[in-house]
């Protein structure tokens, strides 16, 4: 059974059709890319999957249950985590607190334990400390654990955002332009990391990316969108040589 | 016991006990010409510092740590003040003459005041916190005036004449216990997973939702807790002044707490303690300046806004506020 199955997804903003009849099936363990020129509707698809927008039409089934109409935090708790096109860290919190915040909905203590700092509170805090520092170590951020996250360099902020998404223990990770603003060396490192994360955390990954090198290098399957429509789908070699894709990106030849 | 586990906590407790003993001695033992050094007026001033600290810290939970903008905090104080006074004065007629009956009733009455204020907080917060933006400010402002107006036209609460004859249950001990317990409880909450979620909502609500936090629920909860502590403060306030009037809890009063908070530093508990302490004591220290006192007040505010936009404390905390954090297990590995 597919992990995520979207059928006939259509999203209107007033009279504008941002996404039309979008279909996708993500099998467990796949890395799939979603590409297309600016304004093609890629981020809208992400926002619909994560419950920011409600789809005008269509079904979204994740892990056997429909997630249409669910709130963003409920969808995250079901196992879909995301990063953002522009980094959205909790910039005034420390690096380690960013991770702990993503663990909040699993925290075994309640409001009264927070007020009274009961035994349960201390146990929970000790557990989340260990969990967060272990996760930060994987991303080489443990040395900066107590720094304010807004003061980290750009690349580290990108890594922290992915680490924070992983702290919710997702089954599906969706990355919105993870390589934005990265130089080729950093992008290479990112590609290695994405594959490694998939294996290590048993993830399925869906990503939007503009750097073709990254998309072609890491994705097993690519879907191309233009003006809300899916224009091409297939393995990287196929997509690369499709004339419709070239046309969408570069315009019609004379 | 858990809270005594570090020497710093022990030292903090000792300092507070010492402060209490010194103030108690100064206010009871006759030193100068048969009069104690600290007369009743100074004790009352100190009590107001305590009440204002709890009000400001509870406001800071919403405005500073959760990043919402509530501007009607005095309304919840009024709910607590009138509820507790209604119980002790109008219904049960308890007095200070028999403390064994009086104090349990008083404690239950102020807690009841807090609970009713929390209920009012839920009614105000639940619909308006679902929305983003400035709606909360508008709704809290109206709720503040609404509460005041309802009290004005309710005969059993004294109406526009105010409610007098309230027994003076609030003494030095009550103030110490009330202030310290309230601030410690709110401090604990801020330094917990819920407190981290509050700050997450402040920094980026979208990212907080995407991290699995039910932001609406968290905002409403904080608002309700904040209203609870404002209600308790109101109860203590009523049993200090012995007379309450609806106009004591007008929008101007709410504005005062906003000023205390933002001058002290809205994103720091220490700031929410320093701000009200300065503004309650400063006018007394400047007594010799007579009417020029009122110039100093806004001047402090203007200077803070120019030179320290994040308030006096900024993001810093006094060390006794902080919770002993993670032992550096493996951080250096």
Segment residue B:242-residue B:42, length gained on full extension (0.36 nm per residue, minus Cα span) | 70.3 nm
Give the distance, in whole Å, between the Cα centre of region A:1-50 and the Cα centre of region A:70-113.
-> 23
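What value, in deg cm²/dmol to 500, does the helix sum -39500 (n - 2.57) over DSSP H runs of n ≥ 4 give at 222 nm once divided by the residues of chain A?
Working: 10 runs with 101 residues, N = 254.
Value at 222 nm, helices only, nearest 500: -11500 deg cm²/dmol.
So for region A:53-137, what percent of the C-alpha to C-alpha distances run longer than 18 Å? Please report the intermediate quantities before stating the final value.
Values: 2125 of 3570 pairs.
Roughly 60 percent, rounded to a whole number.
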Theoretical FRET efficiency, 1/(1+(r/R0)^6), r = Cβ-Cβ of residue B:107 and residue B:206, R0 60 Å, to 0.05 = 0.90
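For region A:178-231, what does the equivalent ellipsoid look like in terms of its semi-axes, each the square root of 5 times an eigenvalue of the Cα gyration tensor, given largest first in whole Å?
Values: eigenvalues 85, 48, 13 Å².
That gives 21, 16, 8 Å for the three semi-axes.
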Order by protection proxy (mean Cβ within 10 Å, highest first), peptides B:111-118, B:176-183, B:51-58, B:72-79 | B:72-79, B:51-58, B:111-118, B:176-183
Roughly what angle does helix A:184-201 make with the longest principal axis of chain A, taking Cα atoms, 0 to 90 degrees, to the nearest 10?
-> 70
Helix-only mean residue ellipticity at 222 nm for chain B, each DSSP H run of n ≥ 4 adding -39500 (n - 2.57), per residue, nearest 500 | -21500 deg cm²/dmol
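Per residue of B:183-196, what is the mean number of Cβ atoms on other protein chains within 10 angstrom of that residue's Cβ? Don't jump to the answer; show the numbers that get you there.
On the way: counts 0, 3, 4, 1, 2, 7, 6, 1, 4, 12, 18, 8, 2, 13.
Partner Cβ neighbours, averaged per residue: 6.
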Using 7 Å Cα-to-Cβ label points, what is the residue B:132/residue B:318 separation (nm, one decimal)?
-> 3.7
Distances over 25 Å make up what percent of all Cα-Cα pairs in region B:42-248?
-> 37
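Would you mind giving the mean number of other chain beta-carbons within 10 Å of the Cβ of each residue in A:160-167, as a whole number?
On the way: counts 0, 1, 0, 0, 3, 3, 0, 2.
Average neighbour count from other chains, rounded to a whole number: 1.
For region B:31-160, what is the relative contact order in percent, using Cα pairs closer than 8 Å and at least 6 residues apart in sequence?
Details: 100 pairs, mean separation 35.7, N = 130.
Computed value for region B:31-160: 27 percent relative contact order.
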Rank by packing, highest mean first: peptides B:95-102, B:259-266, B:198-205, A:206-213, with packing defined as the count of other Cβ atoms within 10 Å averaged across residues.
-> B:259-266, B:198-205, A:206-213, B:95-102
Rg and Dmax of region B:1-118, using alpha carbons, in Å: what are they?
-> 18.4, 52
Starting from the Kirkwood radius over alpha-carbon pairs of chain A, derive D by Stokes-Einstein at 20 °C in a medium of 1.002 mPa s and give it in µm² s⁻¹.
-> 111
Starting from the Cα of residue B:181, step 7 Å toward the Cβ, then list every residue of region B:65-102 with an amide N under 18 Å from that point.
-> B:80-81, B:84-85, B:88, B:99-102
Taking a label point 7 Å from the Cα of residue A:1 along Cα-to-Cβ, the residues of region A:35-78 whose backbone nitrogen sits under 14 Å from it are A:61-67
Global form of region B:63-167, assessed from the alpha-carbon gyration tensor, a/c cut-off 1.5 = prolate
Rounded to whole angstrom, the alpha-carbon centroid of region A:215-254 lies from that of region A:189-207 at a distance of 22
Relative to the longest principal axis of the C-alpha atoms of chain A, give the angle of the C-alpha long axis of helix A:119-138, reported between 0 and 90° and rounded to the nearest 10°.
-> 50
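Under 1.5 on a/c is rounded, so check that first for region A:1-111, then, if it is not, pick prolate when a/b is larger than b/c and oblate when it is not; a ≥ b ≥ c are the square roots of the alpha carbon gyration tensor eigenvalues. Write down the numbers at each step before the final one.
Numbers: a/c = 1.90, a/b = 1.52, b/c = 1.25.
In terms of gyration-tensor shape, prolate.
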Separation of alpha-carbon centers, region B:81-135 and region B:213-280, rounded to whole Å | 14
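What does the average come to when, for each residue of peptide B:141-150, you count the partner chain Cβ atoms lying within 10 Å of its Cβ? Display every interim value, and only then the final one.
Values: counts 0, 0, 0, 0, 0, 0, 0, 0, 0, 0.
Per-residue shielding by partner chains comes out at 0.
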Efficiency of FRET from Cβ geometry, residue B:92 and residue B:310, R₀ 41 Å, rounded to 0.05 = 0.35
Residue list for region A:156-190, given a label point 7 angstrom along the Cα-to-Cβ vector of residue A:143 and an amide N cut-off under 19 Å = A:156-161, A:163, A:186, A:189-190
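When a/c is below 1.5 the answer is rounded, else prolate if a/b is larger than b/c, else oblate, so apply that to the protein assembly as shown with a ≥ b ≥ c taken from the square roots of the Cα gyration tensor eigenvalues. Present the calculation step by step, with values, prior to reporting the outcome.
On the way: a/c = 2.63, a/b = 2.13, b/c = 1.23.
Note, shape of the protein assembly as shown comes out prolate.
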Alpha-carbon radius of gyration plus Dmax, which is the widest Cα pair, for region B:157-237 in Å | 17.7, 53
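Which order do the peptides A:101-109, B:309-317 come out in when sorted by mean C-beta neighbours inside 10 angstrom, highest first?
On the way: A:101-109: 21.1, B:309-317: 17.1.
Descending packing order for the listed peptides: A:101-109, B:309-317.
Where a number appears in this text, it was derived from the coordinates with a stated rule and is not lab data. As the structure is a prediction and not an experimental result, all values here were calculated from the model. Cβ atoms come from the backbone with ideal geometry, glycine included; neighbour counts cover every protein chain shown.
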